[in-house]
Amino acid sequence: MDFRTKVPIQDGAHKLEHAGGVFLIGSCFVENIGAKLEWFKFKNLQNPTGIIFHPSPIRRFFQRLSNEEKFREEDVFEFNGGWQSLEAHSDMRRDNHEECLSDLNSALKQSREYIQNTSHVIISLGTAWGYVYEGKDNIAANCHKVPQKKFTKELSSITEIINDLEVIDHSVSQLNKNASIIFTISPVRHLKDGFTENQLSKSHLIAALHQFIESSRSSYYFPSYEIMMDELRDYRFYAGDMLHPSKLAVDYIWELFSNNWLSKSSISLNSEIDKIQRSLAHSPRAENSTKHRKFLTNLQGKIEEIQKKHPEITFS
């Protein structure tokens, strides 16, 4: 007997290879998937302007890329002794506006060049709840601890989210018509919005994504949220905060993603890379022993063997 329901997953149309390159943007769940890609030595670029939860600022980011629209002085502001932008995470906060603008525009340039040569774009949507700063039209990527009274909280409609997704899709295709976009909804629960409000938010994202993908030729859906809610519906699969997926849950979601979106050759290569990575992380009891030196020689041989076939892969 099977005591759980398994989420059906559509097989990836365009498989991911190590050398193909992956651009990731969106919620903190991007960091979970990105860490796996990093471990297995896939070329990747993650959240160049920091974590973004809402589809609207993600749309704005891609618009800047496709239109080659730089950040300008009016796009940054000073607060609590630092300079930041409402379109970027606090990771981009700098001591002065020149440095802030320079780093934001460098991130745009890096992202544009990367996407033009990548095979896949992964976008993780976190919430449909957004905050609009007074006097502004766009939903903020981050509020930077500015007093909440300065913002209006709003729930984006399904239609508004679909419009965001269409712009994202169009912008990516302008940069790279061959890139496949994989959308997913973060399994992280945003309970600060409220229990019912979190479900309402996720339902808007799900409804919008599925309506959009039905008419898209290059966008696909991976059900991270559904896997967490249905297959892993137990608190033992959550981290200590009871909001984020645990390491075990992330490992399981990655396994399903790998089986459906990685090529057979990449899955096989991952097995070899994993062994090397674990060996590199090994802490020897006697670094100068003959046994350990032999271990290092064998390990270096395995690394060189992989690099002959895959020169794009490097081990630190």
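Please treat every number below as a calculation from the coordinates, not as lab data. No experiment lies behind these values; they were computed from the predicted model shown. So basically every Cβ, Gly included, is an ideal-geometry build from the backbone, and we count neighbours across all protein chains shown.
Here are a few things to note about the model shown:
- With θ taken as phi - 60° and the Karplus curve 6.51 cos²θ - 1.76 cosθ + 1.60 applied, the whole-hertz 3J(HN,Hα) list for the stretch 9-22 is 10, 5, 5, x, 6, 10, 5, 8, 10, 4, 7, x, x, 10 Hz, x standing for glycine and proline.
- Its Cα centre serving as origin, the stretch 22-263 has a Cβ charge dipole (Lys and Arg +1, Asp and Glu -1) of approximately 240 debye.
- Difference of contour (0.36 nm per residue) and Cα-Cα distance, Asp2 to Asn117: 37.0 nm
- C-alpha long axis of helix 97-115 to longest principal axis of the chain, angle in °: 60
- Here the contact order of the chain, divided by its residue count and restricted to Cα pairs under 8 Å and six or more residues apart, works out to 21 percent.
- Cα gyration tensor shape of the stretch 158-262, rounded if a/c is under 1.5, else prolate or oblate by comparing a/b with b/c: oblate
- For the peptides 185-195, 63-73, the ranking by mean Cβ contacts within 10 Å, running from highest to lowest, is 185-195, 63-73.
- Once backbone amide H atoms are built at 1.01 Å from N, Ser263 has Leu16 as its partners under 5 Å, excluding neighbours fewer than 5 places away on the same chain.
- Straight-distance crosslink candidates among lysines, where the alpha carbon sits under 26 Å from Lys153 and sequence neighbours closer than 8 are dropped: Lys136, Lys145, Lys192, Lys202
- Among Thr314, Thr5, Ile123 the positive-end extreme of the charge dipole of the chain (Cβ point charges): Thr314
- Sequence ranges 12-18, 228-234, ranked by mean other-Cβ count within 10 angstrom, highest first: 12-18, 228-234
- Ellipticity estimate at 222 nm from DSSP helix runs (n ≥ 4, -39,500 (n - 2.57)) divided over the chain, nearest 500: -14000 deg cm²/dmol
- A simple rule links phi to the HN-Hα coupling: the Karplus curve 6.51 cos²θ - 1.76 cosθ + 1.60 with θ = phi - 60°, which for the stretch 88-93 gives 9, 6, 5, 4, 8, 5 Hz, with x for Gly and Pro.
- Within the stretch 22-263, antiparallel bridges make up roughly 40 percent of the DSSP beta bridges whose residues both belong there.
- When peptides 291-302, 93-104, 47-58 are ranked by their average number of other Cβ atoms within 10 Å per residue, the highest-first order is 47-58, 93-104, 291-302.
- For Ser246, distant residues with modelled amide H under 5 Å away: Tyr238, Ala239
- Centroid-to-centroid, using Cα positions, the stretch 14-39 and the stretch 198-225 are 19 Å apart.
- All lysines inside 18 Å of Lys309 as judged from Cα atoms, apart from same-chain residues fewer than 8 positions distant: Lys41, Lys43, Lys264, Lys275
- Counted over all Cα-Cα pairs of the chain, pairs farther apart than 26 Å make up 51 percent.
- Nearest-ten-degree value, helix 290-309 long axis tilted from longest Cα axis of the chain: 60
- In degrees, nearest ten, helix 158-175 long axis to first principal axis of the chain (Cα): 60
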